[in-house]
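Rule-based calculations on the coordinates, nothing more; no lab input. As the structure is a computational prediction, the values presented were derived from the model and not from experiment. Note: ideal-geometry Cβ built from the backbone for every residue, glycine included; neighbour counts use all protein chains shown.
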Amino acid sequence: MGSPLLLRIASFETKQVRFTCDGRPIAARQGESLLAALLSAGDHLRRHEGNGEPRAGFCLMGACQDCWVWIGPDRRARACTTPVADGLQVSTIPPAPAGFA
């Protein structure tokens, strides 16, 4: 990943939480969305399934569905409307369909 796409300017008085995304440890501030935390840590959220281009979310309010991530082994979530939590294990890579793993 290149330079962060977002710069955090909010108060640093909020509690710091840690989670992983695709195995990479990330620090965030309690109350942030996963998308804000991930874009503060890098220049994109995921790669487009078809052409591999970097994707960074679009609407930031849960409508466009460009920021889907997976939490744990099977929970699909929109990164823009899901708050960070200490210890979350996030993946930007969809799990293999049942019977194909």
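Per-residue Cβ neighbour counts within 10 Å put I93, I26 in the sequence I93, I26, beginning with the fewest.
A cut-off under 12 angstrom between Cβ atoms defines the neighbours of E53, and their net charge, with Lys, Arg +1 and Asp, Glu -1, is +1. Between E13 and C64, the simple label model (points 7 Å from Cα in the Cβ direction) yields a spacing of 3.3 nm.
Over region 16-87, the alpha carbon radius of gyration divided by the compact-protein estimate 2.2 N^0.38 Å works out to 1.03. Put in order of Cβ neighbour count within 10 Å, fewest first, the listed residues R29, R46 become R29, R46.
A simple spin-label model places pseudo-atoms 7 Å from Cα toward Cβ; at T20 and A96 they are separated by 1.9 nm.
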